[in-house]
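See structure below.
The values are calculated or read from the model by the stated rules, or taken from the named source; none is laboratory data. Nothing here was measured: the structure is a model prediction, and the numbers come from that model. Cβ sites come from the backbone with ideal geometry, for glycine too, and all protein chains shown count toward neighbours. Surface accessibility is based on the protein's heavy atoms, side chains included, excluding ligands, DNA and RNA. Shrake-Rupley method; radii C 1.70, N 1.55, O 1.52, S 1.80 Å.
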Amino acid sequence: NAGVTQTPKFQVLKTGQSMTLQCAQDMNHNSMYWYRQDPGMGLRLIYYSASEGTTDKGEVPNGYNVSRLNKREFSLRLESAAPSQTSVYFCASPGRSYNEQFFGPGTRLTVL
Amino acid sequence: AQSVTQLDSHVSVSEGTPVLLRCNYSSSYSPSLFWYVQHPNKGLQLLLKYTSAATLVKGINGFEAEFKKSETSFHLTKPSAHMSDAAEYFCVVSDGVGSSNTGKLIFGQGTTLQVKP
């Protein structure tokens with residue numbers, strides 16, 4: 001039982017390149033979330049998915065797309081990366097009571 | 001809308017002295033509140049959570065927090081700091097309650113705790 005896993009752990013992109021961050025959870029949770037962490041700003045919600053096949057924008061969705069193809073996986077795509085997207089990205093999934101979120105280990109992304 | 005404010009961006013204490021990390025929240029109802037810790041280049045770890053049960057919440061590693069509705073505060077304390085406590089701490093409020101709970105979390109800006117020998 002790995003909880004929430006993310007790949008890759010590190011990535012360096014050039015401006016304009018695209019990439020997909022992968023997240024998977026093995027806890028059979030309905031909801032999954034993508035956050036970004038920037039210094040002095042805490043974590044901010046990018047997108048979330050309340051259930052398989054549904055997605056909604058969070059606080060900072062611009063420049064990102066997401067896909068929830070099945071209950072287990074929730075991917076985050078950068079179609080044309082920009083330096084402002086340099087950040088640490090965390091995937092999370094809450095328990096049934098929403099009393100705790102389980103976070104993945106994070107992906108450190110640098111856009112040059 | 002819910003929000004949370006961490007009153008100090010940086011706190012420095014000496015090893016063995018008390019720790020106080022301050023957090024105020026804004027919510028139109030009684031929220032669920034959390035403290036998370038993040039050690040350098042690590043992920044997020046839940047320290048403790050308040051979910052409308054006892055107002056004094058005990059967490060891991062000797063930390064505790066008290067929910068004070070009248071002051072809209074949820075300060076984190078520890079009687080005696082250890083070097084291993086040096087990390088960034090986040091106060092977090094949940095978005096929604098009961099059937100309206102979306103599970104989304106709203107994070108404070110973070111407080112960096114420095115522990116001096």
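Which value, in nm² and rounded to one decimal, describes the direction-averaged projected area of the C-alpha convex hull of chain A? Write out the running numbers ahead of the final one.
Details: hull surface 26.0 nm².
Mean projected area of the Cα convex hull: 6.5 nm².
Residue separation times 0.36 nm, minus the C-alpha to C-alpha distance between B:His39 and B:Asp8: what's the value? Intermediate values should be presented prior to the final figure.
Details: separation 31, 0.36 × 31 = 11.16 nm, distance 1.76 nm.
Contour length minus Cα-Cα distance gives 9.4 nm.
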Could you run the Karplus curve 6.51 cos²θ - 1.76 cosθ + 1.60 with θ = phi - 60° over the stretch A:77-87 and give me ³J(HN,Hα) per residue in whole Hz, x for Gly and Pro?
10, 9, 6, 9, 5, 10, x, 5, 8, 4, 5
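If the only charges are +1 at each Lys and Arg Cβ and -1 at each Asp and Glu Cβ, what is the size of the charge dipole of the protein assembly as shown around the Cα centre, to the nearest 20 debye?
260
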Which residue, A:Pro61, A:Leu45, A:Gln6, has the largest displacement toward the positive end of the dipole of chain A when charges sit on each Cβ (Lys, Arg +1; Asp, Glu -1)?
A:Gln6
Estimated FRET transfer efficiency when R0 is 35 angstrom, pair A:Ala82-A:Glu52 (beta carbons, to 0.05):
0.70
Over the protein assembly as shown, equivalent-ellipsoid semi-axes from the Cα gyration tensor in Å:
30, 21, 15
Other-chain or far-sequence residues with amide H under 5 Å of A:Gly58's (modelled H)
A:Tyr47, A:Tyr48
Calculate one ³J(HN,Hα) per residue across the stretch B:18-28 by plugging θ = phi - 60° into the Karplus curve 6.51 cos²θ - 1.76 cosθ + 1.60, and present them in order as whole Hz with x for glycine and proline.
x, 10, 9, 10, 9, 9, 10, 10, 10, 7, 8
Let me cross-check A:Thr20: its accessible surface, 1.4 Å probe, with only protein heavy atoms counted, in Å² to the nearest 10?
40
Span from the the stretch B:26-43 Cα centroid across to the the stretch A:23-96 one, whole angstrom
18
Note on chain A: contact order normalised by length, alpha-carbon pairs under 8 Å, 6 or more apart, percent, works out to 35
Length-normalised contact order for the stretch B:7-97 - Cα pairs under 8 Å, 6+ apart - percent:
38
Under 5 Å, built H, 5+ apart or other chain: amide partners of B:Gly110:
B:Gln6, B:Cys91
What figure, in Å² to the nearest 10, do you get for the accessible area of A:Arg108 with a 1.4 Å probe and non-protein molecules left out?
100
Could you give P(r) for the stretch B:18-107, binned at 10 Å from zero, as whole percent values over all Cα-Cα pairs?
16, 51, 27, 5, 0
When all protein chains stay in place, what accessible area (Å², nearest 10, 1.4 Å probe) is found for A:Lys9?
120
